[in-house]
1. Just to be sure I understand, how many residues within the range 299-339 are among the polar types (S, T, N, Q) and either in a helix (DSSP H, G or I) or within 16 Å of ligand 2 (Cβ to nearest atom) (or both)?
2. Looking at (1) modelled with pLDDT under 90; (2) open to solvent by less than 60 Å² (accessible area, probe 1.4 Å); (3) within 15 Å of ligand 1 (Cβ to nearest atom), which one does Thr23 not meet, given that it meets all the others?
3. What number goes with the only condition from (1) touching a residue at least 40 places away in the same chain (Cβ under 8 Å); (2) in a strand (DSSP E or B); (3) among the aliphatic types (A, V, I, L, M) that Val54 does not pass?
4. From (1) within 16 Å of ligand 2 (Cβ to nearest atom); (2) out of contact with any His (no Cβ under 8 Å at 6 or more places or on another chain); (3) open to solvent by 10 Å² or more (accessible area, probe 1.4 Å), pick out the condition that doesn't hold for Val42.
5. Would you point out the residue of the range 294-346, among those that are open to solvent by 80 Å² or more (accessible area, probe 1.4 Å) and aromatic (Phe, Trp, Tyr), that is farthest from Gln269 (Cα to Cα)?
6. Taking Ala47 and the conditions (1) of a type in the set (Gly, Ala, Ser); (2) crowded, with 21+ Cβ neighbours inside 10 Å; (3) assigned to a strand (DSSP E or B); (4) free of Cβ contacts under 8 Å to residues at least 60 places away in the same chain, which numbered condition does it fall short on, given that it satisfies the others?
7. Does the range 53-60 contain at least one residue that is open to solvent by less than 40 Å² (accessible area, probe 1.4 Å) and either at pLDDT below 95 or within 24 Å of Leu346 (Cβ to Cβ) (or both)?
Amino acid sequence: MNILGIETTCDETGVAIVKDGRTILSNVVASSVNLHKKYGGVVPEVAAREQVRVIIPILKEALAKAKMSTSQIDAIACAYGPGLIGSLLIGVETVKTLAIAWNKPLIPINHLIGHVYACWLELTTDYGLQTTAVDSRQSTVDFPAIALIVSGGHTDLILITDHGKFQFLGGTRDDAAGEAFDKVARILDLPYPGGPEIEKLAGDYNFKQSKFNLPKPMALGDNFDFSFSGIKTAVFNLSKESPLTSSDKAEVAFKFQDTVCKVLIKKTQKAALKFQVKSIVVGGGVAANKFLRQKMQEEGKKNNIQIYFPSIEFSIDNGAMIAACAYYMSKKASPLFLKADPSLHL
Ligand code: KG4
Ligand code: ZN
């Protein structure tokens with residue numbers, strides 16, 4: 001089954017064709033990230049205008065790369081929320097039109113669940129640290145599983161008992177993990193998006209006795225919620241106490257990354273043990289972080305739980321994860337009535 005997936009929730013325009021939820025026949029992504037750099041964050045109006053400009057060329061390119069005509073497409077899928085309304089509308093109205101014009105079923109996908117299904121695309125147990133991927137046809141994620149979604153807008157823990165069966169366990173009460181990376185980067189005078197910049201600056205430092213003390217937010221307690229605004233404020237206060245030298249900034253970047261990752265890992269492992277799951281899947285832009293990948297892997301080994309990350313390319317927004325997710329979802333939408341939902345819940 002060939003599914004065409006479209007992703008336009010924020011500043012990426014992604015169109016992909018994926019066979020049987022696993023094999024990527026084409027995957028084209030355009031990003032307007034460079035247009036937002038000078039503003040230090042995504043400008044919704046600019047992102048939406050770029051979506052309009054590139055959606056049709058990207059769609060044509062995805063079909064051409066897969067060497068496919070529209071008659072070989074079995075269904076069309078689209079992320080219809082959560083996200084920025086202007087950006088979402090472009091993808092949603094495009095797929096509604098295509099579904100009618102091509103007479104294909106339309107599968108609506110929650111963007112966050114799409115991030116989770118990036119792990120099914122080309123199952124890899126190498127955490128992006130090496131290059132060899134496990135043969136996707138021999139390996140599958142065993143349920144029950146815990147999904148950790150860490151993106152620019154969300155930090156969610158979800159229990160998955162089967163395809164399409166999700167239970168929300170907890171989420172961020174304030175800033176999402178990616179948002180905190182972006183804001184701390186700005187405090188440290190690093191460009192947007194901040195996650196990869198902090199990772200680069202933190203490098204391989206390991207300040208065992210750091211002179212900077214950062215709070216470990218909500219690491220304890222019975223719940224599965226997160227809070228990252230306190231640690232962001234702590235970095236802000238540090239930067240105001242005295243000017244940070246470049247080596248101070250590297251140390252703060254390392255400390256921040258270390259603390260956020262440890263909290264994410266601790267809560268994920270706690271959920272995994274409580275619900276006695278077989279697997280952990282991690283998705284969203286922050287899943288591109290190699291430090292998180294490595295530390296998560298180390299903890300997973302201790303507890304004998306298999307951990308899955310998408311390859312780095314599929315951690316950030318793309319159409320392939322939407323097409324992969326759609327293969328496992330049974331819900332269809334009417335091409336006349338599907339509506340973009342910026343605050344879509346699970
Ligand atoms: O999933 P995504 O591409 O878009 C949303 O759905 O939000 O995530 C973007 C977020 C940004 O906050 C970005 O800073 C963060 O993912 N990010 C990273 C890394 N790469 C991207 N955070 C930490 N380390 C990275 N290597
Ligand atoms: Zn995303």
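The values are calculated or read from the model by the stated rules, or taken from the named source; none is laboratory data. Just so it is clear, the model here is predicted, and its values are computed rather than measured. Please note: Cβ atoms are built from the backbone with ideal geometry, for glycine as well, and neighbour counts cover all protein chains shown. The protein model used for the area step is the full one, side chains on, heavy atoms only, and it has no ligands, DNA or RNA in it. Shrake-Rupley method; radii C 1.70, N 1.55, O 1.52, S 1.80 Å.
1. Filtering the range 299-339 for residues among the polar types (S, T, N, Q) gives 303-304, 306, 311, 315, 318, 330, 334.
From what is left, the residues that are either in a helix (DSSP H, G or I) or within 16 Å of ligand 2 (Cβ to nearest atom) (or both) are 303, 311, 315, 318.
Looking only at that region, the number is 4.
2. (3)
3. (2)
4. Every condition holds for Val42 apart from (2).
5. Ranking the candidates gives Phe337 first.
6. (3)
7. Taking the range 53-60 as the starting set, the residues that turn out to be open to solvent by less than 40 Å² (accessible area, probe 1.4 Å) are 54-55, 58-59.
Adding the requirement that they be either at pLDDT below 95 or within 24 Å of Leu346 (Cβ to Cβ) (or both) leaves none.
No, because not a single residue in the range 53-60 is open to solvent by less than 40 Å² (accessible area, probe 1.4 Å) and either at pLDDT below 95 or within 24 Å of Leu346 (Cβ to Cβ) (or both).
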